[in-house]
1. If you go through segment 172-179 one residue at a time, do you hit one that is at pLDDT 95 or above, over 19 Å from residue 257 (Cβ atoms), outside any helix (DSSP H, G or I) and within 17 Å of the chain's Cα centre (by Cα)?
2. Take segment 262-281 and flag every residue that is buried (at least 24 other Cβ atoms within 10 Å of the Cβ) and under 24 Å from residue 85 (Cβ atoms).
3. Give the residue that is modelled with the lowest pLDDT, with candidates limited to residues of segment 103-123 that are surrounded by fewer than 19 Cβ atoms within 10 Å (Cβ to Cβ), touching a strand residue (DSSP E or B) at 6+ places or on another chain (Cβ under 7 Å) and not in a strand (DSSP E or B).
4. Please pick out the residue among 39, 14, 43 that is under 24 Å from residue 203 (Cα atoms), touching a helix residue (DSSP H, G or I) at 6+ places or on another chain (Cβ under 9 Å) and assigned by TED's automatic domain parsing to the domain that holds residue 320.
5. I'd like to verify a number: residues in segment 327-345 that are within 18 Å of residue 219 (Cα to Cα) and at pLDDT below 90, how many?
6. Restricting attention to segment 131-144, which residues are in a helix (DSSP H, G or I) and touching a helix residue (DSSP H, G or I) at 6+ places or on another chain (Cβ under 9 Å)?
7. Among the candidates 128, 147, 93, 73, which residue alone is in contact with a strand residue (DSSP E or B) (Cβ under 7 Å, 6 or more places away or on another chain), outside any loop (DSSP other than H, G, I, E, B) and surrounded by fewer than 19 Cβ atoms within 10 Å (Cβ to Cβ)?
8. Against the condition part of a loop (DSSP other than H, G, I, E, B), over 28 Å from residue 71 (Cα atoms) and assigned by TED's automatic domain parsing to the domain that holds residue 305, how does residue 252 come out, does it pass?
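The values are calculated or read from the model by the stated rules, or taken from the named source; none is laboratory data. This is a predicted model, so every value here is computed, not measured. When we count neighbours, we look across all protein chains shown, and the Cβ atoms used for this are built from the backbone with ideal geometry, even at glycine.
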């Protein structure tokens, strides 16, 4: 394979034009679509799959966005990157800025996990956390407007992983849909997508629609939007038949990455999901944490809490009788567990931490545990 055709650039024919010399890649994309071995059986789903975006270079699907965004800066000879992030966008942009030799400045959502902050800093980005940003809508709007003014004066864009702000770069995220369509050409079922501002969910619909243009026989799956309670800007309105997304006065969820109180891409998501037959699912934080633990202990998938939100939505759909046993069900697992060490620590404690005075004590303990478990 030609080097320039790796990563998202495999789908250059479905993406906006990019000069060959500007295309950057760290090998993003081509992520595994793995079939469940335990949870699907437990939930009564014969075809439950997990799209493992956790194996992207910086650990999340945002690498697809960053690959296009920073390549675009290279193509336009812009030598700086200004961005906002709750963590994963910043980590991805920082990595690709390092490749391009571009300085990266990131306004960080208040309370972003330390693991994500450290990752950005390791890549060389300057991280600027702002009190109330990403939690309080007024502060969030102030930051967004101010950054755009600065960027425009300097002759560049603000990189925000939402169609409302960075529609060109978001086409890179649509490659997730292209990969799923290639692997399941006879798709008949459901995609569960986690949402903060809704960009990922909208990318799935746009991606499947684009794929259908080149493969008219492809059947677009139902794309469902899943959000945690406390930041239910889209999923509730989608299920309840509203035509507008609803901002929240203050984000109440503890799920990092999905704390987006503003509407962002929400209004467009409502119409896009409905066109596919998709609906909204609102899940509790505790349900998300339980799914995060089950993914690790039953499927071997180590993800951050936001990466388990789609599964929580699928679980709720199964409980509601809204999924048929033979349907294909794909849950997007969006970010790696190393992104949020605090949540991973809560799960790890349950497994126990033992110290023995001798090897023989260790052997006896192992034998007793195996005997008891059998």
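1. Yes, because at least one residue in segment 172-179 is at pLDDT 95 or above, over 19 Å from residue 257 (Cβ atoms), outside any helix (DSSP H, G or I) and within 17 Å of the chain's Cα centre (by Cα).
2. Answer for segment 262-281, where residues must be buried (at least 24 other Cβ atoms within 10 Å of the Cβ) and under 24 Å from residue 85 (Cβ atoms): 264, 265, 266, 269.
3. 110
4. Working: 39 fails: under 24 Å from residue 203 (Cα atoms); 43 fails: under 24 Å from residue 203 (Cα atoms).
Just a single option satisfies the conditions, and that option is 14.
5. 0
6. First, the residues of segment 131-144 that are in a helix (DSSP H, G or I): 137-144.
Across segment 131-144, the qualifying residue is only 144.
7. Criteria check complete, one pass: 128.
8. yes
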